[in-house]
Amino acid sequence: MLLEVKDISKSYKSRYGKTLREVLNGTSLSLRRGEKIAIAGPSGSGKTTLLNLAGTLDFPDKGEIFFNEKPLSAMDTADLASFRNREIGFVFQFHHLLPQLTLWENVLIPALPVNSGRKEIYNRAEELLRETGLWDIRHQKPGELSGGECQRTAVVRALVNSPSLLLADEPTGSLDSENADLLTKMLIRLGEKESLGMIVVTHSLEIALRMDRIYNLKDGRLEERQSQ
Ligand SMILES: Nc1ncnc2c1ncn2[C@@H]1O[C@H](COP(=O)(O)OP(=O)(O)O)[C@@H](O)[C@H]1O
Ligand SMILES: [Mg+2]
């Protein structure tokens, strides 16, 4: 199993340790390499919290998360940071590209702390930018481009270190329907080509229906939605 979330709970607490809200309560999930799932659920139901936990950006109060059978709780902060950088790609609702850098420079940022050859990483970035139709505009800056182009660049940036898991939090939430469709197709094509595990939080039924499984997050737990 690429990712295994086992019976995790998560509450947010005040500075004084008082529980403000129990967000996840006995949530479990398994994901193989190459599998893609959608998570739906109302605003505030804990979708982002769950992605943050799966992405090692935050930690559960109870339960355990395994990555390739290894418990994340066994890693120290430095191990986790390099693990996260190598194995997990993140895409958010907004692209968060750095405005003063070109697309080419932006997509190379995650490669900076990685100890691989320059040539290898340049080849990888070039391959992804060509594959996604962004190569010809690589020397432009985010402010000169459309929202769709920026969001596609954010996907390239997420994949430049060849992660095995892609976590996307409402990746089409800021796009018009045409660009949302382009981005969805691109995510699915790259996911299949690279055999990525993919978790997409989305309100869009169109995206959800293209995933292998759909879950609803409700009352702190995931329920699989049965396909009709
Ligand atoms: N850092 C935080 N501190 C306190 N409460 C938080 C924090 N992050 C999220 N929450 C609360 O946890 C709940 C779930 O949030 P979130 O995971 O962002 O939901 P979703 O992504 O489904 O909209 C919400 O009620 C939110 O206000
Ligand atoms: Mg959210």
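Report whether or not Gly17 is on the phi > 0 side of the Ramachandran plot and in a strand (DSSP E or B).
When the stated conditions are applied, Gly17 does not pass them.
Of all residues in the stretch 139-181, those being in contact with a helix residue (DSSP H, G or I) (Cβ under 7 Å, 6 or more places away or on another chain), of a type outside the set (Gly, Ala, Ser) and not in a helix (DSSP H, G or I) number 13.
What's the total number of residues in the stretch 139-168 that are basic (Lys, Arg) and either surrounded by fewer than 21 Cβ atoms within 10 Å (Cβ to Cβ) or without any contact (Cβ under 8 Å) to a residue 40 or more places away in the chain (or both)? Counting residues in the stretch 139-168 that are basic (Lys, Arg) and either surrounded by fewer than 21 Cβ atoms within 10 Å (Cβ to Cβ) or without any contact (Cβ under 8 Å) to a residue 40 or more places away in the chain (or both) gives 2. Scanning the stretch 31-56 for residues being within 17 Å of the chain's Cα centre (by Cα), exposed (fewer than 14 other Cβ atoms within 10 Å of the Cβ) and farther than 21 Å from Thr184 by Cα gives a total of 0. Residues that are assigned to a strand (DSSP E or B), of a type outside the set (Val, Ile, Thr) and within 21 Å of Glu223 (Cα to Cα) within the stretch 20-35 comprise Arg21, Glu22, Leu24, Asn25, Gly26, Ser28, Leu29, Ser30, Leu31, listed in sequence order. Quick one: in the stretch 74-116, of everything that is at pLDDT below 95 and among the acidic types (Asp, Glu), which residue is farthest from Lys141 (Cα to Cα)? Filtering the stretch 74-116 for residues that are at pLDDT below 95 and among the acidic types (Asp, Glu), the one farthest from Lys141 (Cα to Cα) comes out as Asp76.
Residue by residue through the stretch 182-203, note down the ones that are within 16 Å of ligand 1 (Cβ to nearest atom) and either assigned to a strand (DSSP E or B) or among the small types (Gly, Ala, Ser) (or both).
Within the stretch 182-203, Ile199, Val200, Val201 meet the criteria.
Filtering the stretch 129-138 to residues that are surrounded by fewer than 19 Cβ atoms within 10 Å (Cβ to Cβ) and assigned to a loop (DSSP other than H, G, I, E, B) leaves Gly133, Arg138. Residue check: Leu101 meets all listed conditions (1) among the hydrophobic types (A, V, I, L, M, F, W, C); (2) touching a residue at least 40 places away in the same chain (Cβ under 8 Å); (3) outside any loop (DSSP other than H, G, I, E, B) but one, namely (3).
Picking from residues in the stretch 16-30 that are in contact (Cβ under 8 Å) with a residue 60 or more places away in the chain and not charged (D, E, K, R), the one that is surrounded by the fewest Cβ atoms within 10 Å (Cβ to Cβ) is Ser28. Is one or more of the residues making up the stretch 55-70 touching a residue at least 24 places away in the same chain (Cβ under 8 Å), near ligand 1 (Cβ under 9 Å from one of its atoms) and touching a Lys or Arg at 6+ places or on another chain (Cβ under 9 Å)? For the stretch 55-70, residues touching a residue at least 24 places away in the same chain (Cβ under 8 Å), near ligand 1 (Cβ under 9 Å from one of its atoms) and touching a Lys or Arg at 6+ places or on another chain (Cβ under 9 Å): present. For the stretch 204-228, filtering for residues that are within 16 Å of ligand 1 (Cβ to nearest atom) and assigned to a loop (DSSP other than H, G, I, E, B) leaves 3.
The values are calculated or read from the model by the stated rules, or taken from the named source; none is laboratory data. Being a predicted model, the structure only gives us computed values, none of them experimental. Don't worry about glycine lacking a Cβ; one is built from the backbone with ideal geometry, like all the others, and counts go over all protein chains shown.
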